[in-house]
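> First the structure, which I've put down as structure tokens, then a few questions once you've had a look.
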Amino acid sequence: MHMVVSEACGELAEFTFIHCLTSWIPEVRPIESVDLQKTWDFLQGAIPVFTHQAPKDTSDPAQMHEPEKGVTDIVVCANYQAFQRENKSQVADSSQLLRRYGLSLLLNHVVLLTRTRSCPLEAPPKPPPVPRWKLIRPQNKNVATSEPQKCASPAPEHFIGFASAFVSDGADGTPEMLSSIGSALVSIAETPDSAPHAPDSPNSHEETQVTTAEDKKKDNDDISDDKHETSIKTSAVDKPILRETWVVLDDFAKLFQTLLVFHKPHVYPHNIKQSHFKSNVMSKTTQHGSGTSSSSSLHTGSPAIASPECLDVSGVYYLCVDGLQPSEVIVSFSALHPVGENETSLSARSAVFAALPHSWTCLQSHLPQILIKTASSKAAVLQLPAGRHVLRIHVRASLGYNFHLCCKTSFIFGDEESVMSHLTKEGARFTQQASSIFSALSALVTSFCDEEQQPALRKTLREAHCPQNITTVQDKWKHDKVFNAAVYHMFCKALDRDLTPQERFVVQALTADPLLFANEQSHAHADSKAPEKWTNRQPTDPETKAATVLQAGFKGHLVREVLNASKPGTEKNLLVFNTVSDMLANIEKEANNNAAFLLRYIVDNSEKKAELYPFQQDEWSTLTYADYSVTIPETANSWLLVFREVLIVPEEMLLVPNISCPLPNVLLRVINNDTGKELDLVCNKVPPHIYQPNKLGFTFVADVITPETPPVGAKWRMRLIGCKKKDLPKLSNGNQLSSFLAKEVRDYYIPKSNCLICRYCVQVTTDVVATIQFETSKSDVLVRLSVLDQEQEVTSNTGKGLVVLPVVFFLANNDTGPSDSEQKDQDGSPNKASPRESDDGDDGNAEKSSVSSSDHEQLSPSNTKVHKYMVQAEVLYQSWDLDEFSLSLIQSLQDLEKSEMKESKDADSKRSSTTASKSHDGHKSGAPKGSHKGKGKKGKEGAAALSKSGSKLQTSLDLTKPNWTLRVVTDTSQSESMEMKEDREREEEIKAMKETWETSEPGRAAKASESRSRFLNQEKEKAEKTESQDPDALKPDPSKTFTPNTDFSHYTR
């Protein structure tokens, strides 16, 4: 089949039937006349280069079948389009130039590029041999001229050969071109893609037939005309013929617009295919991949099928390429669009394939390294330099898509989980550098006694570990010191112990560094105690000189011993060789780990902060992470706290939490426990942040809102990602995650003059860490939630419909604290909030749950302070508006509350009168004590009555009416240490005051009740008289709108 395809149909765009028949991936490269050298360089490496063949020896069969150099695994074609010029003059020039090379403007098609040529077609004749006698005394030719001679260098000749079946014989080209027309006949046989050994390239000589005019003339002399016609018909039927000609490089850009480079997927050892379609288009998709070879396949998961209701089919994938040499990834992208749409809609909804550099520890955005937009099928080449590269691939299409990735370098492709697990390992360049250093060190140990090889091996070892950007002698000396220390620490790590004095001497001889442990010994003896006779005494000058002489002598002796042991041929050298060989045998058991430790120690302890090795460019992609997973309870339409733990940061490090949860409404907060401030969020996510080590750690708090139908067995997972090889933060309470218990209160909303929604008192017996959440039935209500201690604000937060205090630390009262009466005396000048309970209004003040008593003393201004915590919520800016129906409901609730208060008042009056009579008869001085005791009983009974009424409201609460919900979440182990009840302190004080009055004056309550009833009767009689005299006076004015009474100040708690 001829390599010819018509591109006249505009709907097919970049589509070619060669891709469908052969599975070759077509890459479109534009031909730019301003940059022809780039096109020429590419063609020289892609297609064969024409060279003059040396005379072959017919007796040697190997020379007869020697293949031509420069054969590659790709097929390159060129394409020219009809009427693609801007004006008519350009069309005329293009048509004339095409006719010159035997082509027609009307028959636009694809031509096959066969060879490149930078020399004449015929080899220049060899000069005649020079007689031997002229070589004895060769004489230079002297040219007598007054002008300086210049050697004119001929211009380079660049020709490109192309083959086509539509090259006409009437080309009006130069004689050189005319002689080349028809000199080569090339045909391409269609071969199945599953046979990689089949030569399906036009450059293969097994499928190429070349005939010349002289060969045809000889055939005509040997055979008859009939046989000649038969042979022509047979050759025309069996093998289609392509005629070849040459075109000058300058004219090549004028003839053709694009290059079509066909890549053969089967020659790439690493490739993967991915498909994604809507369910109504294809019910089954396949995913193939290869990790080590093209013949193996890897299924990374179930096929992805999109819902037919979604507008587009989209997907996000990750690609990691790690190589020692520059890599090329061939990307073939095909999209499926609805049938019947016009070209405008297709161009507006073109499928998109974009690959962008990605990093989990950085928010910086990058431009796409490759961007493909197509309505059918298109391919491109992603060129990557040496090193490790992580790309995030975004794909979108109307009905479905399929893409194919091919590369000669191994790569990792898949979801975030599969790629991130690979990034915890060291990169290829790091491994190669570490292996080269370790191999050079092992070779030095092996040939330590060889007098001839040891100097060269030492030089090789230094070249392996010394960076090229270190040029000065002082910097090289410092780097050698770091390397020698790295060798010593590698031996200690491999042997898992401290080295003996003999082994330390061996390391000094191996590194040829007598002063390797000089600084270490000075630090070791820094804390040693001097003899008693030297205490409080300064050495004299003779003593100082004597010590200096001894130190110099010992240093000289040590240097001589080390140098003697490192010199081959000595007894010390042989002893060192035996010892270091035994040590090396233990190290080589885990050669990769020890080599990585050796190189990592050099990088971390080098004084030079600049880049030492090329692999340091890949350090940003090396990750380490830890997962924390929690199962979400199956509760519908509810707010849940799923995670709250304190993490201790050991050193300065960059961290980023990555949340994975099937539920959409998930929020994570991070609070610095030392300052009580919450880290800023970016798009409701915790951004990468450099965490500094602190005393109380950082609290990570996560909450979710479950939908109406929560998924079964859903899990929330936080992946804490750090860069490089550093220890991640640890949980303060070990590896066990906490479980939580929520205390929930619900009630109807009743407007009040002070804008309070609710107010609850919190009492704890031990230090308790809690998370408080408040939400309203109306989503646009502005609410302020705050925690008070002795009426001083500890922490607060403002929200719209929902507000959360992530971490609140409730301190228990000490037994040595002041009494209630002393505390009342101090109410006039209350103590300020402690630094641990910061008085700023930031969202969420968090404290570590395991704070020691010393920390309490340091952070609290007074160790005997009595804490009295209040949790209250209030409406801001009168943002909770109620309709008439809600107001009528509130009026009924108020009436119900009045009746309950009246019943409780009657019962209390009877009980108080009985108690008062008994106390009056017993002892008058005990009345205050009785009042205090009665106050405590009434408080408990009132709380019990409130809890009963509250339980009734919760069981019969109508969620369609204005209501609110308060949740206080604590650890399950601390749930019994907290008690929360409604704040009715004002009502209890009024009741206690009335009881005191009744005790001092029995019957006062009855008299007050009679006086009130008498007053009401009088007012009722006045109203009846007024109505009987003027009935129209009491009729309501219809022009005025009825407004219910909204003054609820008498219900203020």
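The values are calculated or read from the model by the stated rules, or taken from the named source; none is laboratory data. Every value quoted in this text rests on a predicted model; they were computed, and no experiment measured them. Methodologically, a virtual Cβ is constructed for each residue, glycine included, from the backbone with ideal geometry; neighbour enumeration extends over all protein chains shown. What goes into the accessible areas is simple: the full protein's heavy atoms, side chains included, and nothing from ligands, DNA or RNA. Shrake-Rupley method; radii C 1.70, N 1.55, O 1.52, S 1.80 Å.
> For the list (1) open to solvent by less than 70 Å² (accessible area, probe 1.4 Å); (2) at pLDDT below 85, I need the number of the one condition that residue 1024 fails.
Just one mismatch for residue 1024, condition (1).
> Could you list, in sequence order, the residues of segment 458-499 that are β-branched (Val, Ile, Thr), open to solvent by less than 60 Å² (accessible area, probe 1.4 Å) and modelled with pLDDT of 90 or more?
The answer is 482, 487.
> Right, here's the next one. Can you pull out every residue in segment 22-41 that is of a type outside the set (Asp, Glu) and open to solvent by 80 Å² or more (accessible area, probe 1.4 Å)?
Within segment 22-41, 30, 33, 34, 37, 38 qualify.
> Moving on to the next point. So which residues in segment 502-554 are at pLDDT 75 or above and among the hydroxyl-bearing types (Ser, Thr, Tyr), if there are any at all?
Once the filter is applied, which keeps residues that are at pLDDT 75 or above and among the hydroxyl-bearing types (Ser, Thr, Tyr), segment 502-554 yields 511, 535, 540, 544, 548.
> Considering only segment 680-702, state which residues are more than 21 Å from the chain's Cα centre (by Cα) and either acidic (Asp, Glu) or within 23 Å of residue 739 (Cα to Cα) (or both).
Scanning segment 680-702 gives 696, 697, 698, 699.
> What are the residue pairs meeting all of these: first residue in segment 355-380, first residue more than 26 Å from residue 400 (Cα to Cα), second residue at pLDDT 90 or above and surrounded by 15 or more Cβ atoms within 10 Å (Cβ to Cβ), Cβ atoms under 6 Å, and 6 or more apart or on different chains?
360/721; 361/654; 361/656; 361/688; 366/356; 366/357
> Pick from 776, 771, 795: which is polar (S, T, N, Q) and open to solvent by 10 Å² or more (accessible area, probe 1.4 Å)?
So the residue among 776, 771, 795 that is polar (S, T, N, Q) and open to solvent by 10 Å² or more (accessible area, probe 1.4 Å) is 776.
> Here's a follow-up. Got at least one residue in segment 578-594 being in a loop (DSSP other than H, G, I, E, B), of a type in the set (Lys, Arg) and open to solvent by 50 Å² or more (accessible area, probe 1.4 Å)?
no
> Can residue 107 be described as of a type in the set (A, V, I, L, M, F, W, C), modelled with pLDDT of 80 or more and open to solvent by less than 40 Å² (accessible area, probe 1.4 Å)?
Against the criterion (of a type in the set (A, V, I, L, M, F, W, C), modelled with pLDDT of 80 or more and open to solvent by less than 40 Å² (accessible area, probe 1.4 Å)), residue 107 does not qualify.
> Let me ask something else about it. Could you tell me whether any residue of segment 335-350 is part of a strand (DSSP E or B), within 28 Å of residue 24 (Cβ to Cβ) and open to solvent by less than 10 Å² (accessible area, probe 1.4 Å)?
Within segment 335-350 (the criterion being part of a strand (DSSP E or B), within 28 Å of residue 24 (Cβ to Cβ) and open to solvent by less than 10 Å² (accessible area, probe 1.4 Å)), the answer is no, since none of the residues qualifies.
> Kindly list the number of the only condition in (1) open to solvent by less than 20 Å² (accessible area, probe 1.4 Å); (2) within 24 Å of residue 480 (Cβ to Cβ) that fails for residue 639.
(2)
> I'd like the full set of residues that are hydrophobic (A, V, I, L, M, F, W, C) and over 27 Å from residue 421 (Cα atoms), limited to segment 713-748.
740, 741, 742, 745
> Search segment 256-294 for residues being part of a strand (DSSP E or B) and surrounded by fewer than 19 Cβ atoms within 10 Å (Cβ to Cβ), and hand back the single one that is modelled with the lowest pLDDT.
The selected residue is 288.
> Assess whether residue 941 counts as being over 48 Å from the mean Cα position of the chain (by Cα), at pLDDT below 50, at negative phi and acidic (Asp, Glu).
Yes; evaluated as a whole, the condition is true for this residue.
> Taking segment 423-458, which residues are charged (D, E, K, R) and within 45 Å of the chain's Cα centre (by Cα)?
425, 426, 429, 458 - these are the residues of segment 423-458 that are charged (D, E, K, R) and within 45 Å of the chain's Cα centre (by Cα).
> Restrict the check to segment 698-718 and report whether at least one residue is basic (Lys, Arg) and within 30 Å of residue 637 (Cα to Cα).
yes
> Sort out which residues of segment 669-690 are surrounded by 14 or more Cβ atoms within 10 Å (Cβ to Cβ) and farther than 19 Å from residue 649 by Cα, and write them in order of number.
Within segment 669-690, 681, 685 qualify.
> Same structure, new question: So, of the residues in segment 727-763 that are open to solvent by 20 Å² or more (accessible area, probe 1.4 Å), in a strand (DSSP E or B) and of a type in the set (A, V, I, L, M), which turns out to be farthest from residue 866 (Cα to Cα)?
The extreme case among them is 731.
> Checking the condition surrounded by 10 or more Cβ atoms within 10 Å (Cβ to Cβ), modelled with pLDDT under 85, in a helix (DSSP H, G or I) and aliphatic (A, V, I, L, M), which residue from 1005, 1033 passes?
Among 1005, 1033, only 1005 is surrounded by 10 or more Cβ atoms within 10 Å (Cβ to Cβ), modelled with pLDDT under 85, in a helix (DSSP H, G or I) and aliphatic (A, V, I, L, M).
> From the residues in segment 602-634 that are polar (S, T, N, Q) and touching an Asp or Glu at 6+ places or on another chain (Cβ under 8 Å), which one is most open to solvent (accessible area, probe 1.4 Å)?
The selected residue is 617.
> Also, I was wondering about something else. Just give me the residues in segment 642-692 being of a type in the set (A, V, I, L, M) and closer than 13 Å to residue 717 by Cα, in sequence order.
642, 659, 663, 666, 667, 668
> Report, by residue number, each residue of segment 788-802 that is in a strand (DSSP E or B), more than 19 Å from residue 674 (Cβ to Cβ) and in contact (Cβ under 8 Å) with a residue 40 or more places away in the chain.
788, 789, 792, 793, 796, 797, 798, 802
> I need every pair where a residue in segment 452-463 that is under 17 Å from residue 487 (Cβ atoms) has its Cβ under 9 Å from the Cβ of a residue that is of a type in the set (Asp, Glu), sequence separation at least 6 or different chains.
Filtered contacts from segment 452-463: 457/450; 462/480.
> Test residue 703 against the criterion of being among the charged types (D, E, K, R), open to solvent by less than 20 Å² (accessible area, probe 1.4 Å) and closer than 23 Å to residue 802 by Cα, and give yes or no.
Judged against the criteria, residue 703 is a match.
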